[in-house]
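Peer 1: Right, I'll just put the structure down here and ask away after.
The values are calculated or read from the model by the stated rules, or taken from the named source; none is laboratory data. As the structure is a prediction and not an experimental result, all values here were calculated from the model. Here the Cβ positions follow ideal geometry from the backbone for every residue, glycine too, while neighbour counts run over all protein chains shown.
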Amino acid sequence: MRLMHINGRFTQGHATQEIAVHNPATEEVLDTVPRGTAADASAAVAAAMAAAPQWRATVANDRAELLHAVATKLRHHQEHLIRLLTLEQGKPWSENEEELVWSANTFDYYAELGRHERGSVLPPGTPTQFNFTLKEPYGVVACITPWNFPLLLLAWKLAPALAAGNTCVIKPSEMTPLSTLYMQEHCLDHLPAGVVNVVTGYGPEVAEPLVTHADVDMVAFTGSLATGQRIAALAAPQMKKLHLELGGKDAFVIADDADPQVAARALAYAALLNCGQVCTSAERVYLPRARAAQFTEALVEHVRSLRLGPGMESTTDLGPMMGEKYRAKFETHVEQARHAGAAILTGGRRPPGFTRGFFYEPTVIANADHSMLVMTAETFGPAIPLMEYSSFDDAIRLANDSPYGLGATLLSRDPDRIKRFFDEVRAGTIWINDPLTDNYAGPFGGMRMSGGSRELGQEGLEEFRTTKHVHWDFSAAAKPYWYPYGSA
Ligand code: NAD
């Protein structure tokens with residue numbers, strides 16, 4: 001069993017039961033972790049509270065060096081971490097390599113951003129005033145993370161939270177806690193005890209007690225809309241600072257000037273990365289009617305060439321889905337589309353010959369429309385549903401026809417269409433010709449039901465700092481606008 005980590009020590013805490021962590025490619029048990037309790041959440045918060053004054057007082061240059069050291073250690077341990085990510089999460093080794101590199105670089109990025117400034121000087125109202133802002137940490141931050149990018153989405157929270165001077169309690173997904181615990185043991189071990197704590201367990205049993213704990217000042221959460229809504233409701237009575245990164249239903253629009261071969265590869269990557277289990281996966285595709293046959297043919301040919309297998313094999317393009325629960329929900333969406341008149345051009349089944357693991361063939365669905373779940377609800381699997389549009393106006397209207405607003409992609413070289421797309425489509429990230437590529441300096445997050453928070457960039461640091469305005473009158477004289485009014 002791998003233990004939780006509270007106040008600088010590995011511990012079983014108050015857990016009397018274990019949670020098994022499975023390899024989704026083989027369904028075998030990889031290891032177990034303690035099934036944490038509310039008492040463990042409380043102990044971790046107490047440790048983070050106790051460590052907060054010293055961490056807050058640590059000068060930014062020292063914090064920067066400590067964060068650079070996290071990045072260095074992540075790189076030093078990359079082989080083992082990539083292996084753990086591949087085993088517990090399932091996506092191919094090369095995708096986990098990317099995740100590891102991005103995670104380490106995120107710590108380097110925020111190490112520097114965190115020591116760049118901590119507020120600004122403002123123009124005063126009179127010559128005797130001095131006005132400035134101070135950016136301060138919130139205090140204790142609960143970081144609740146999902147299973148699809150266990151380390152990357154943690155790094156996007158932990159690095160800016162620490163750089164800003166907060167202490168943290170991490171609650172990793174119960175399905176992928178092993179890489180987080182390994183990182184805690186080998187890459188965060190130089191931080192003072194209590195600055196980062198990890199509690200393992202189920203959401204309602206350990207994460208909810210963190211959300212409602214009076215000493216947790218901020219909750220940073222990435223996960224589903226339903227869980228985000230639950231967290232928002234639980235946090236409301238205390239008016240807690242929330243940072244919510246929720247689900248998506250990203251539109252992928254192909255303009256009629258795009259190249260079918262390039263479009264096939266771009267779309268397959270955007271829709272099938274991590275077996276379609278990315279919050280910004282291309283989940284609904286709009287093709288120009290006049291060239292739909294060409295784009296579809298190139299796409300189907302490319303998708304049929306992709307290889308399914310365990311992420312540990314170097315020839316694997318697509319690994320398994322995360323679990324039976326997710327595959328079953330995905331199948332419901334595909335079957336509903338099939339019955340509603342969509343055409344399954346390739347895939348649409350569990351691959352024959354795979355007796356273990358949660359595999360599903362990449363599935364191209366033609367004649368999709370907005371009456372189908374594959375075009376409206378988060379499918380979170382290896383589906384590429386295609387719908388034809390008649391004009392670019394129509395494409396933009398369809399792209400905006402969703403309560404989510406995380407990302408959107410356009411393939412085109414036409415500047416008029418590109419400008420209309422980034423002006424008119426309501427999504428937090430707009431990708432033109434290069435879907436799903438992040439940039440450390442580029443804020444990432446959603447609009448509307450995807451949550452309005454941002455990670456990465458300066459905005460990603462600001463989320464973890466609260467602003468204090470200091471108004472200082474250094475003349476210290478009585479002011480003419482004080483009482484009594486009307487005196488001479
Ligand atoms: P999830 O909401 O089921 O779980 C996320 C985390 O919340 C886990 O640690 C889980 O244990 C915890 N949790 C569960 N119930 C809870 C509760 N009642 N209170 C507090 N915490 C609770 O999501 P998931 O299945 O792990 O991840 C997939 C979802 O995450 C998808 O909807 C995806 O779109 C979304 N996601 C969003 C982003 C983004 O940046 N916007 C990135 C990745 C994934």
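Peer 1: What tally of residues in region 384-411 results from selecting those that are touching a helix residue (DSSP H, G or I) at 6+ places or on another chain (Cβ under 6 Å), among the small types (Gly, Ala, Ser) and in a loop (DSSP other than H, G, I, E, B)?
Peer 2: The total comes to 2.
Peer 1: Another question about this same structure. The conditions are (1) surrounded by fewer than 20 Cβ atoms within 10 Å (Cβ to Cβ); (2) over 19 Å from PHE295 (Cα atoms); (3) under 26 Å from the mean Cα position of the chain (by Cα), and TYR360 fails exactly one of them. Which is it?
Peer 2: Exception for TYR360: condition (1).
Peer 1: Any residue at all in region 253-260 that is assigned to a loop (DSSP other than H, G, I, E, B) and either of a type outside the set (Asp, Glu) or more than 30 Å from PRO415 (Cα to Cα) (or both)?
Peer 2: Of the residues in region 253-260, the ones assigned to a loop (DSSP other than H, G, I, E, B) are 255-259.
Those still in the list that are either of a type outside the set (Asp, Glu) or more than 30 Å from PRO415 (Cα to Cα) (or both) too: 255, 258.
Among the residues of region 253-260, at least one is assigned to a loop (DSSP other than H, G, I, E, B) and either of a type outside the set (Asp, Glu) or more than 30 Å from PRO415 (Cα to Cα) (or both), which makes the answer yes.
Peer 1: Which of the following residues is assigned to a helix (DSSP H, G or I) and under 22 Å from the mean Cα position of the chain (by Cα): GLU95, GLU65?
Peer 2: Numbers: GLU65 fails: under 22 Å from the mean Cα position of the chain (by Cα).
Going through GLU95, GLU65 in turn, the sole match is GLU95.
Peer 1: Please go through (1) within 16 Å of the ligand (Cβ to nearest atom); (2) surrounded by fewer than 17 Cβ atoms within 10 Å (Cβ to Cβ); (3) not in a helix (DSSP H, G or I) for CYS279 and return the number of the only condition it doesn't satisfy.
Peer 2: (2)
Peer 1: Considering only region 172-215, state which residues are within 12 Å of the ligand (Cβ to nearest atom) and among the β-branched types (Val, Ile, Thr).
Peer 2: THR176, THR180, VAL198, VAL199, THR200, VAL206, VAL211, THR212
Peer 1: Out of all the residues in region 318-326, is one or more within 23 Å of the chain's Cα centre (by Cα), assigned by TED's automatic domain parsing to the domain that holds PHE380, of a type outside the set (Asp, Glu) and in a helix (DSSP H, G or I)? Before the answer, list the steps.
Peer 2: Of region 318-326, the ones within 23 Å of the chain's Cα centre (by Cα) are 318-326.
Still in the list and also assigned by TED's automatic domain parsing to the domain that holds PHE380: 318-326.
Okay, now just the ones that are also of a type outside the set (Asp, Glu), so 318-323, 325-326.
Now narrow it down to the ones that are in a helix (DSSP H, G or I): 325-326.
Yes, some residue in region 318-326 is within 23 Å of the chain's Cα centre (by Cα), assigned by TED's automatic domain parsing to the domain that holds PHE380, of a type outside the set (Asp, Glu) and in a helix (DSSP H, G or I).
Peer 1: Moving on to the next point. Suppose we filter region 282-300 for residues that are in contact with a helix residue (DSSP H, G or I) (Cβ under 7 Å, 6 or more places away or on another chain) and either among the charged types (D, E, K, R) or not in a strand (DSSP E or B) (or both); how many remain? Show your work before the answer.
Peer 2: First, pick out the residues of region 282-300 that are in contact with a helix residue (DSSP H, G or I) (Cβ under 7 Å, 6 or more places away or on another chain): 282, 284-287, 294-295, 298-299.
Applying the additional criterion that residues be either among the charged types (D, E, K, R) or not in a strand (DSSP E or B) (or both) yields 284, 294-295, 298-299.
Number satisfying all stated conditions: 5.
Peer 1: Being part of a loop (DSSP other than H, G, I, E, B), of a type in the set (Phe, Trp, Tyr) and near the ligand (Cβ under 9 Å from one of its atoms) is the filter here, so list the residues in region 119-171 that pass it. Lay out the reasoning, then the answer.
Peer 2: Here is the first cut: in region 119-171, the ones part of a loop (DSSP other than H, G, I, E, B) are 119-120, 123-128, 138-139, 145-151, 164-166.
If we keep only those that are of a type in the set (Phe, Trp, Tyr) as well, we get 138, 147, 149.
Within region 119-171, TRP147, PHE149 qualify.
Peer 1: Something else now. Kindly indicate whether GLU174 is in contact with a helix residue (DSSP H, G or I) (Cβ under 9 Å, 6 or more places away or on another chain) and not in a loop (DSSP other than H, G, I, E, B). Give the steps one after another, and end with the answer.
Peer 2: Numbers: in contact with a helix residue (DSSP H, G or I) (Cβ under 9 Å, 6 or more places away or on another chain): yes; not in a loop (DSSP other than H, G, I, E, B): no.
No: the conditions fail for GLU174.
Peer 1: Can you spot a residue in region 437-451 that is at pLDDT 95 or above, within 15 Å of the ligand (Cβ to nearest atom) and under 17 Å from ALA266 (Cβ atoms)?
Peer 2: no
Peer 1: Also, quick follow-up: Against the conditions (1) at pLDDT 95 or above; (2) more than 16 Å from the ligand (Cβ to nearest atom), where does GLY353 fall short? Just the number, please.
Peer 2: Failing condition for GLY353: (1).
Peer 1: Can you tell me how many residues within region 452-483 are among the aromatic types (Phe, Trp, Tyr) and either under 49 Å from the mean Cα position of the chain (by Cα) or assigned to a strand (DSSP E or B) (or both)?
Peer 2: First, pick out the residues of region 452-483 that are among the aromatic types (Phe, Trp, Tyr): 464, 472, 474, 481-483.
Still in the running and either under 49 Å from the mean Cα position of the chain (by Cα) or assigned to a strand (DSSP E or B) (or both): 464, 472, 474.
Looking only at that region, the number is 3.
Peer 1: Examine region 468-479 for a residue that is touching a Gly at 6+ places or on another chain (Cβ under 7 Å) and either within 12 Å of the ligand (Cβ to nearest atom) or without any contact (Cβ under 8 Å) to a residue 60 or more places away in the chain (or both), and state whether such a residue exists. Reasoning before the result, please.
Peer 2: Narrowing region 468-479 to residues touching a Gly at 6+ places or on another chain (Cβ under 7 Å): none.
Among the residues of region 468-479, not one is touching a Gly at 6+ places or on another chain (Cβ under 7 Å) and either within 12 Å of the ligand (Cβ to nearest atom) or without any contact (Cβ under 8 Å) to a residue 60 or more places away in the chain (or both), which makes the answer no.
Peer 1: So which pairs qualify, if the first residue must be in region 288-317 and farther than 16 Å from ASP259 by Cα, the second must be assigned to a helix (DSSP H, G or I), the Cβ gap must be under 6 Å, and the two must be at least 6 apart or on different chains?
Peer 2: Cβ pairs passing all conditions: VAL303/ALA268; GLY311/THR86; GLY311/TRP93; MET312/THR86.
Peer 1: May I ask you to list pairs of residues, at least six apart or on different chains, whose Cβ atoms are under 9 Å apart, with the first in region 217-228 being under 17 Å from PRO403 (Cβ atoms) and in the same structural domain as LEU456 (by TED's automatic domain parsing) and the second being more than 8 Å from the ligand (Cβ to nearest atom) and among the hydroxyl-bearing types (Ser, Thr, Tyr)?
Peer 2: Close Cβ pairs satisfying both conditions: LEU225/TYR404.
Peer 1: Within 16 Å of the ligand (Cβ to nearest atom) and in a helix (DSSP H, G or I): is that true of ALA235 in this structure?
Peer 2: Working: within 16 Å of the ligand (Cβ to nearest atom): yes; in a helix (DSSP H, G or I): yes.
Yes; evaluated as a whole, the condition is true for this residue.
Peer 1: Take GLY381 and decide whether it is under 18 Å from LEU299 (Cβ atoms), in a loop (DSSP other than H, G, I, E, B), within 22 Å of the chain's Cα centre (by Cα) and modelled with pLDDT of 95 or more. If you could, list the steps in order and put the result at the bottom.
Peer 2: Working: under 18 Å from LEU299 (Cβ atoms): yes; in a loop (DSSP other than H, G, I, E, B): yes; within 22 Å of the chain's Cα centre (by Cα): yes; modelled with pLDDT of 95 or more: yes.
Answer is yes for this residue.
Peer 1: Going by what's in this entry, would GLY407 be described as within 21 Å of PRO160 (Cα to Cα), surrounded by 14 or more Cβ atoms within 10 Å (Cβ to Cβ) and not assigned by TED's automatic domain parsing to the domain that holds PRO160?
Peer 2: Numbers: within 21 Å of PRO160 (Cα to Cα): no; surrounded by 14 or more Cβ atoms within 10 Å (Cβ to Cβ): yes; not assigned by TED's automatic domain parsing to the domain that holds PRO160: yes.
No: the conditions fail for GLY407.
Peer 1: Residue by residue through region 426-441, note down the ones that are closer than 16 Å to LYS249 by Cβ and either part of a helix (DSSP H, G or I) or out of contact with any helix residue (DSSP H, G or I) (no Cβ under 9 Å at 6 or more places or on another chain) (or both).
Peer 2: Result: THR429, single match.
Peer 1: Looking at (1) surrounded by 16 or more Cβ atoms within 10 Å (Cβ to Cβ); (2) of a type in the set (Asp, Glu); (3) not in a strand (DSSP E or B), can you tell me which one ASP423 breaks?
Peer 2: (1)
Peer 1: Scan region 98-118 residue by residue and report those that are more than 30 Å from HIS469 (Cβ to Cβ) and either in a strand (DSSP E or B) or within 16 Å of the ligand (Cβ to nearest atom) (or both).
Peer 2: GLU98, GLU99, TRP102, SER103
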